[in-house]
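If you scroll down you'll find the structure; I have some questions about it.
Please treat every number below as a calculation from the coordinates, not as lab data. From a predicted model like this one, the values you see are computed outputs, not experimental measurements. Glycine also receives a Cβ, built like all others from the backbone with ideal geometry; neighbour counts cover every protein chain displayed.
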Amino acid sequence: MGRSIGKIIFILVAGLVGFLAALWSAGMFGGGRGLAFSDVSVNGWESDWAIGSSAAGMITRARVARHGLLALSKEEAIYFTRNTDDAGQPLVEGCDYRLTGGDQPSQWWSLTLYDSDSLLPMNDDGALSLDRTKTGGADAWLATISARQPAHDGFWISSRNARNFDLTLRLYRPVSAVLSDPETHLNTPSIQRVACREGAGR
């Protein structure tokens with residue numbers, strides 16, 4: 001009798017652990033958006049070519065639902081996400097960053113900042129994204145990510161009230177070369193930490 005109860009408890013515990021592991025893989029809990037996409041990785045930016053397709057499994061679909069990507073097939077749009085700077089340190093509200101990049105090989109693109117709850121930060125700065133319309137399709141551009149508007153002119157993405165945050169790069173109707181060889185043809189932005197306020201970035 002005791003052995004049977006022990007076996008039942010073991011099965012229940014194993015099932016619970018498996019269920020929680022699936023939720024963790026889907027990014028359903030834990031700090032930040034938890035980059036779960038790793039099918040494609042380019043200079044620290046991660047994606048999954050199965051997003052938006054019939055090949056997407058249960059965990060991939062859960063990730064999409066959790067992170068609000070509203071995913072299309074990769075021929076229509078591709079999504080790259082990153083939550084670290086070029087040195088591998090987490091992106092945090094208390095630090096300022098220099099974001100450099102260029103035009104993306106697609107009909108249109110956007111770069112948006114999301115907070116640790118996978119939502120747009122609760123602020124009224126009106127500076128949560130950058131896109132081809134703002135850059136004018138420039139081959140090279142520079143932007144500042146900061147919780148405070150920089151004194152100099154230029155592109156600004158506000159991280160105020162974002163806590164730990166990440167960036168999502170969306171390319172709409174990407175050129176076919178990006179899909180076949182993203183490491184060669186994708187112009188991923190660089191993220192360099194400039195300075196941190198006291199107590200931040202640790």
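Return the distance in nm (one decimal) between the two label points of a simple spin-label model at S176 and D39, each offset 7 Å from Cα along Cα→Cβ.
Here the answer is 2.0 nm between the modelled labels.
Quick check: pseudo-label points 7 Å beyond the Cα along Cα→Cβ at N123 and E183, how many nm apart are they?
According to this spin-label approximation, the distance is 3.6 nm.
Using a simple charge model, +1 on the beta-carbon of Lys and Arg, -1 on the beta-carbon of Asp and Glu, nothing else, what dipole does the range 126-202 show about its Cα centre, in debye to the nearest 20?
On the way: 10 positive and 7 negative charges, 81 e Å.
Result for the range 126-202 is approximately 380 debye, rounded to the nearest 20.
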